[in-house]
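Have a look at the structure below before the remarks.
We did not get these values from a lab; they are worked out from the coordinates using the rules stated. Note that the coordinates shown come from a computational prediction; the quantities given were computed from them, not determined experimentally. Every residue, glycine as well, gets a Cβ built from its backbone with ideal geometry; the counts of neighbours run over all protein chains shown.
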Amino acid sequence: MKRLGAGDGYWYPTSESRRATAVRVLNALREYRASETAMRRRTRSSMAMGETDLLALRYLLDAEKAGHGTRPKELAARLGMTSASMTALVDRMVSGGYVTREPHPVDRRAIILRPTPGADEEVRHTLSQMHQRMIEVAESLTPQQADAVTVFLQRMRDAVDTVDAEHPDLVSAGQS
């Protein structure tokens, strides 16, 4: 196996033409993921929110758009959080002005979490130009290109999920 240089692509051999093409695709995917990670960090920073807070807000905005509120227990299950962690998250989001607690319309013992109108506006303001640029790129694809990209990304997701299923010790150690 040849020693790889800076642009070669980690540990992937590049001797075959097909392999070289695959390495270029994987490097482009890695570069995209790095850019997306940086964008998420900038978004969290500008909104003064953590990753989990932003995921929770996104879920609550989606639920609100669908016409229903969300119980903290449902949100905790969705995010894989404990009850105590959920309480701390909700407290942060309420004090930050992103979420309100409202009485459940049927169960007087329960509460519903709803995003504030300002939260939706702030997310839209923060992300709208980037989302527009992403939509424009996706719209520029031919139907055949869009199908190829979609199938590729779904198969990559399946490949990564398979690794997790085959090595549960990596998931539990947080190294997947």
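For segment 31-164, what size does the Cα cloud have along each of its three principal axes, sorted from largest down, in whole Å?
Computed over segment 31-164, the largest-to-smallest principal extents equal 52, 35, 27 Å.
What are the residues whose amide H is under 5 Å from the amide H of Ile112, where those residues sit 5 or more places off or on another chain and H is modelled from the backbone?
Hits under the 5 Å cutoff: Glu102, His104.
Pulled fully out, how much extra length does the chain show between Gln154 and Ala138, if you take 0.36 nm times their separation in residues and subtract their Cα-Cα distance?
4.2 nm
Multiplying the sequence separation of Asp120 and Asp147 by 0.36 nm and subtracting their Cα-Cα distance, what value in nm do you get?
6.6 nm
First measure r as the distance between the Cβ atoms of Arg58 and Arg24, then evaluate 1/(1 + (r/R0)^6) with R0 = 45 Å and state the FRET efficiency to the nearest 0.05.
The pair Arg58/Arg24 has a calculated efficiency of 0.90.
Once the other residues with Cβ under 12 Å from the Cβ of His104 are scored (Lys, Arg +1; Asp, Glu -1), what is the net sum?
Net of charged neighbours comes to +3.
Given axes a ≥ b ≥ c from the Cα gyration tensor, I'd like to know whether segment 49-109 is rounded (a/c under 1.5), prolate (a/b larger than b/c) or oblate.
Rounded shape, in that the Cα axes give a/c under 1.5.
For segment 102-114, in order, what is each residue's ³J(HN,Hα) by Karplus, 6.51 cos²θ - 1.76 cosθ + 1.60 with θ = phi - 60°, in whole Hz (x at glycine and Pro)?
10, x, 5, x, 10, 9, 5, 7, 9, 10, 10, 9, 9
What FRET efficiency comes out for the pair Ser128/Val94, r = Cβ-Cβ distance, R0 = 22 Å, nearest 0.05?
Efficiency computed from Cβ-Cβ geometry: 0.30.
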